1. Looking at (1) surrounded by fewer than 17 Cβ atoms within 10 Å (Cβ to Cβ); (2) within 20 Å of the chain's Cα centre (by Cα); (3) farther than 19 Å from residue 89 by Cβ, can you tell me which one residue 200 breaks?
2. Can you tell me which residue among 149, 100 is over 23 Å from residue 37 (Cβ atoms), within 15 Å of the ligand (Cβ to nearest atom), in a loop (DSSP other than H, G, I, E, B) and modelled with pLDDT of 95 or more?
3. Would you point out which residue out of 91, 95 is outside any helix (DSSP H, G or I), more than 9 Å from the ligand (Cβ to nearest atom) and modelled with pLDDT of 95 or more?
4. What is the one condition in (1) part of a helix (DSSP H, G or I); (2) without any contact (Cβ under 8 Å) to a residue 60 or more places away in the chain that residue 19 does not satisfy?
5. Looking at 175, 171, 222, can you tell me which residue is within 30 Å of residue 132 (Cβ to Cβ) and either in contact (Cβ under 8 Å) with a residue 40 or more places away in the chain or in contact with a strand residue (DSSP E or B) (Cβ under 8 Å, 6 or more places away or on another chain) (or both)?
6. Return the total of residues in the stretch 127-136 being in a helix (DSSP H, G or I) and either free of Cβ contacts under 8 Å to residues at least 12 places away in the same chain or under 15 Å from the mean Cα position of the chain (by Cα) (or both).
7. Check 64, 47, 42, 24 and return the single one that is assigned to a helix (DSSP H, G or I), near the ligand (Cβ under 9 Å from one of its atoms) and either touching a strand residue (DSSP E or B) at 6+ places or on another chain (Cβ under 8 Å) or at pLDDT 95 or above (or both).
8. Do we find that residue 194 is crowded, with 18+ Cβ neighbours inside 10 Å and either more than 11 Å from the ligand (Cβ to nearest atom) or closer than 21 Å to residue 96 by Cβ (or both) in this structure?
Ligand SMILES: NC(=O)c1ccc[n+]([C@@H]2O[C@H](COP(=O)([O-])OP(=O)(O)OC[C@H]3O[C@@H](n4cnc5c(N)ncnc54)[C@H](OP(=O)(O)O)[C@@H]3O)[C@@H](O)[C@H]2O)c1
């Protein structure tokens, strides 16, 4: 099993929810972490928790949907870290509503964040991974990226697109020893799903928890470099 100690990771949306659980799990493996998000206060709090686990932890504040800000934010992380080995494209938003009722602005915002944000961040990180001829990119889609449902048009459109982009990228960059993994988890009791009312806080016995998602990512990263987890669908056993 490959050790991950001293690797450097960027986790977008690492301040809370699945991103934070992944950051904590990475810190426990000895990985230095840069987390990103829009709310500086929340990022600062999470960085303190990560530092307490004995790793180097930094943050950058930017909206993944704004390419100019992404360029500055990623450059500042790479300046401070010197290098990057792992990118977890996790930042995302969800909102549900009927096709006609959902405001055009809200619908577009979901695509801008979940799809364009992942594209912008990857575009800025990828040249560094290609230069070092090794790296890992984990792209977070959803079961909503495999099946459309009533009231999920914007979220499903963004997450279907992520799967297509991610698979195309995987085929393009594996020759550089870069492993691209697409995850399609079902409902996990994160900050987001609790706020949306699709999961509850006291569901540990039956519903996926953020740390389960983090465990899957670590398991994929620990595979020998010759092996790559292409995609994985994580489900609750008996919700
Ligand atoms: N929870 C689930 O059941 C579930 C299931 C399948 C897939 N997913 C996917 O998993 C990912 C994480 O979800 P989560 O449940 O952990 O959500 P969450 O608890 O709401 O956390 C989302 C994170 O993304 C950041 N973020 C949101 N919009 C951003 C933007 N425009 N620019 C930069 N950062 C942004 C947030 O920080 P700021 O708000 O400070 O920016 C936060 O750190 C998402 O891509 C989601 O679609 C979740």
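1. Condition (2) is where residue 200 drops out.
2. 149
3. Of the residues listed, the single one that is outside any helix (DSSP H, G or I), more than 9 Å from the ligand (Cβ to nearest atom) and modelled with pLDDT of 95 or more is 95.
4. Only one criterion in (1) part of a helix (DSSP H, G or I); (2) without any contact (Cβ under 8 Å) to a residue 60 or more places away in the chain is unmet by residue 19, namely (2).
5. 222
6. Number satisfying all stated conditions: 2.
7. None of the others qualify; the one that does is 42.
8. no
The values are calculated or read from the model by the stated rules, or taken from the named source; none is laboratory data. Please read these numbers as outputs of a predicted model, since none were measured by experiment. Because the Cβ atoms are built from the backbone with ideal geometry, glycine has one as well, and the counts that use them run over all protein chains shown.
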